[in-house]
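Here's the structure, in structure tokens; my notes come after.
Read-outs: derived from the displayed coordinates by stated rules, not from any lab. The structure presented is a predicted model; accordingly, all values stated were derived computationally and were not measured. All Cβ positions, glycine included, derive from the backbone under ideal geometry; neighbour counts span all protein chains shown.
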Amino acid sequence: MPIEVKDLEYTYSQGTPFEKKALAGIDLTVNEGDFVGILGHTGSGKSTFILHLNGLIKLQSGSIDVFGIKLVPDKKNKQDLRRLRGTVGMVFQYPEYQLFEDTVEKDVAFGPKNLGLSEEEVAGRVERAIRLVGLDYEDVRSRAPFELSGGQKRRVAIAGIIAMQPRVLVLDEPTAGLDPYGKEQILSLITKLKKECSPTVIVISHDVDEITRFASRIVVFNDGKVAFDVPMNELFRHGEELQAMGLEIPKAVRIADELRMRGIDLGDVVNADDLVRAVVRKFDKTGMDETDIAKLSAAQFDFDGLYGASASDVRSGNGGGSGEATA
């Protein structure tokens, strides 16, 4: 298994009056190619968990195996940590705050150089990574990263991780602080990186509407334990339990449930894209085929305006928004 975590436990400030158990017996396997979304309220243990995945927190109890790199308590092997950090790329919340070199090119090159690669290999990786995140290599390579826009800085920071060509990409709140357009751009970039660079992706997010649009599997942390580990389309069968943990139910699920109670059954709906496509399939009068419907995205619609719309609004195409969903 690419990532296998067994009986992982962690306690902050052990032996002090401030002792706090953060993880309690975590068993979790992540398969190659998974797109895992991690949800949980503040203090649930999700961030502590991901910091273990590339050795940023030393194991106290349990074991972790990442593509054959084994971590156990008290094992001191710097080479293992070096290999691990080249295998698991970690993008922290507000990664642009980690930029420090005087040019974009030097900043992106920092990680690959630490892997001991040749100058030629480093240069090739840097150019590819900058282009992969959607920046013009010739335009930004010699510029100071601090001169760039907020969105560009975030892309440079991500490029610095991608340049190490990690097999696993872990992102902690990757859209924090961005406007809706910026969020959509970063989420689209993550999907692209999964296809072209790092096939296994793990994303922490507090935004359940956001994460359900992309993840195929959801892991929910609660009080230091894994409360749920299920395919994304099964998670919201446990709506009452999730709400008891302080987690929101996606707007799309709430809308679909409300419409079902009013006599409009849209079938299985988990995220905003599902909702848009379900509405079009049910009410489209123009004869759109399945290929065209499959291309529809919630980003094209005033989805927030639809929430709270009445059943008659949806039938008529008003929806509180653009009305495009009825084609």
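Could you work out the relative contact order of region 186-272, using alpha carbon pairs under 8 angstrom and six or more residues apart, expressed as a whole percent? Over region 186-272, the number comes to 23 percent. Is region 154-212 best put as rounded, prolate or oblate by its Cα gyration tensor, with a ≥ b ≥ c the root eigenvalues, rounded for a/c under 1.5, and otherwise prolate when a/b is larger than b/c, oblate when not? Taking the square roots of the gyration eigenvalues as a ≥ b ≥ c, region 154-212 is prolate. When the charge dipole of the chain is built from unit charges on Cβ atoms (+1 for Lys and Arg, -1 for Asp and Glu) and taken about the Cα centre, the candidate among G287, L189, G25 whose Cα reaches farthest toward its positive end is G25.
Select from region 1-32 those chymotrypsin sites (Phe, Trp or Tyr not before Pro) which occupy a DSSP coil region and have at most 14 other Cβ atoms within 10 Å, ordered by residue number.
Answer in residue order: F18.
Within region 41-120, all pairs of alpha-carbon atoms sorted by distance into 10 Å bins from zero give the percentages 15, 41, 32, 12, 1.
Around S149, with a cut-off of 14 angstrom between Cβ atoms, what is the net charge of the other residues, counting Lys and Arg +1 and Asp and Glu -1?
In short, -1.
For region 219-258, chymotrypsin sites (Phe, Trp or Tyr not before Pro) are listed when DSSP marks them as loop and at most 11 other Cβ atoms sit within 10 Å of their Cβ; the list is empty. Estimated purely from DSSP H runs of n ≥ 4, each contributing -39500 (n - 2.57), the mean residue ellipticity at 222 nm for the chain is -10500 deg cm²/dmol once divided by its residues.
Only one residue of A109, L247, L259 has its Cα farthest out toward the positive end of the dipole of the chain, where Lys and Arg carry +1 and Asp and Glu -1 on Cβ, and that residue is A109. As an equivalent ellipsoid, the chain spans semi-axes of 37, 27, 16 angstrom, where each value is the square root of five times an eigenvalue of the C-alpha gyration tensor, largest first. Sequentially through region 209-223, phi angles give Karplus couplings (6.51, -1.76, 1.60; θ = phi - 60°) of 5, 6, 5, 6, 7, 10, 6, 9, 9, 10, 10, 10, 9, 8, 6 Hz, Gly and Pro residues having no value and appearing as x. Compactness of region 106-182 is given as radius of gyration and Dmax, 12.6, 40 Å, from Cα positions. Projected onto its three principal axes, the C-alpha set of region 181-223 covers 35, 25, 14 Å, listed from the longest axis down.
What the Kirkwood sum gives for region 84-132 is a hydrodynamic radius of 11.6 Å, with every pair of different alpha carbons counted. Only the Cβ atoms of Lys and Arg (+1) and of Asp and Glu (-1) were treated as charged; on that basis the dipole of the chain about its Cα centre amounts to roughly 740 debye. Taking only the Cα atoms of region 1-157, the ratio Rg/Rh comes out at 1.02, with Rh defined as the Kirkwood radius.
In percent, rounded to a whole number, the relative contact order of region 3-244 is 27, using alpha-carbon pairs under 8 Å and six or more apart.
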